[in-house]
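Beneath this line is the structure, given in structure tokens, with notes to follow.
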Amino acid sequence: MTQTLEQLQQQLRSLRLSESAQYLPELVQQAESEDWTYRTFLHRLASYEQKRRDEKQVEKRLKWAAFPFYKTLDAFDLDEQQSLSKKQLNQLQEFTWLDQLYNLILLGPPGVGKTFLATGLGIEAIHQGYKVSFISMGDLIHTLKTEEFTRKSQIRMKRIKDSHLVIIDDLMYMAMDNREANLFFHLINDLYDKASVILTSNKGPSEWGELLGDPGVATAILDRVLHRAEIIHFREDESYRMKHRSSIFEEKSVHN
Ligand code: ADP
Ligand code: MG
């Protein structure tokens, strides 16, 4: 019985090999014109399906991660600051620290590239097969507080808890009340043995205590976050935004 190409495509689709189904006519044509062996043909078909699945997986994970922008670390300019060497950046991109459940704390004033570095590492981690979530501290508190009532928050929290890497951006830009600090503690506790966390903040850990309300809860959070952690401290004078800002007075020196 000879199958038509359409029938074969239908069969592949019902086996959930839809990418292969689409690619089949082109592949068959190439195989015939180049006299492929059966083995080569099957290998090409399987490789194509695998490659497309991996690509789709990356696309899906990038969407779920909810990054504020898509900017890769190739554009991260290391000459601008002394807080991180090329070697260290390369090491971070190898993600051994992620496998070892290390946390990364990025500290420094606004504009030094904390969000950029965190996002760039998150994007690279997804390309290397990890699941990542990005959330600002403000959104995180809101999501934790509404988890019981809204489906949207439930889904978001489920994805966060299912991630290998959770990026929490702008920790402590606001003081938390007791309930918020407690919800945050429970999340940190849940993630402690399962995931790495990148925290960015313009305040150092010594100042986190007072913003976390309850000193007991603050200590418990700090213990877990800092137990296995690397801290990168960007300095004030390294603000990329300040150095590269455009000025309305540019090139027009005003002399009286
Ligand atoms: P932060 O989160 O520390 O406030 P951002 O990551 O938002 O800083 O960076 C501020 C701006 O400066 C962004 O537009 C970012 O792309 C740019 N920037 C910061 N650091 C660098 C860097 N090392 N190389 C290239 N651009 C940078
Ligand atoms: Mg930021």
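The values are calculated or read from the model by the stated rules, or taken from the named source; none is laboratory data. The model shown is predicted, which means the values in this text are computed figures rather than measured ones. Cβ coordinates were reconstructed from backbone atoms using ideal geometry, including for glycine residues, and neighbour counts include every protein chain displayed. For the accessible areas, the whole protein counts, side chains as well, though only heavy atoms, and no ligand, DNA or RNA atoms are used. Shrake-Rupley method; radii C 1.70, N 1.55, O 1.52, S 1.80 Å.
Observations
- Residues within segment 27-68 that are outside any helix (DSSP H, G or I) and loosely packed, with under 12 Cβ neighbours inside 10 Å, tallied: 2
- Pick from segment 227-256, criterion open to solvent by 40 Å² or more (accessible area, probe 1.4 Å) and modelled with pLDDT of 90 or more, ranking: nearest to Pro110 (Cα to Cα): His233
- Among the residues of segment 190-222, those identified as without any contact (Cβ under 8 Å) to a residue 40 or more places away in the chain, open to solvent by 10 Å² or more (accessible area, probe 1.4 Å) and of a type in the set (Gly, Ala, Ser) are Ser206, Gly209, Gly213, Gly216, Ala220.
- For segment 125-137, the criterion of being among the small types (Gly, Ala, Ser), buried (at least 21 other Cβ atoms within 10 Å of the Cβ), within 15 Å of ligand 1 (Cβ to nearest atom) and in contact (Cβ under 8 Å) with a residue 60 or more places away in the chain is met by none of the residues.
- Filter result (in contact (Cβ under 8 Å) with a residue 24 or more places away in the chain, over 21 Å from His164 (Cβ atoms) and either open to solvent by 40 Å² or more (accessible area, probe 1.4 Å) or in a loop (DSSP other than H, G, I, E, B) (or both)) within segment 77-104: Asp77, Gln81, Gln82, Ser83, Leu84
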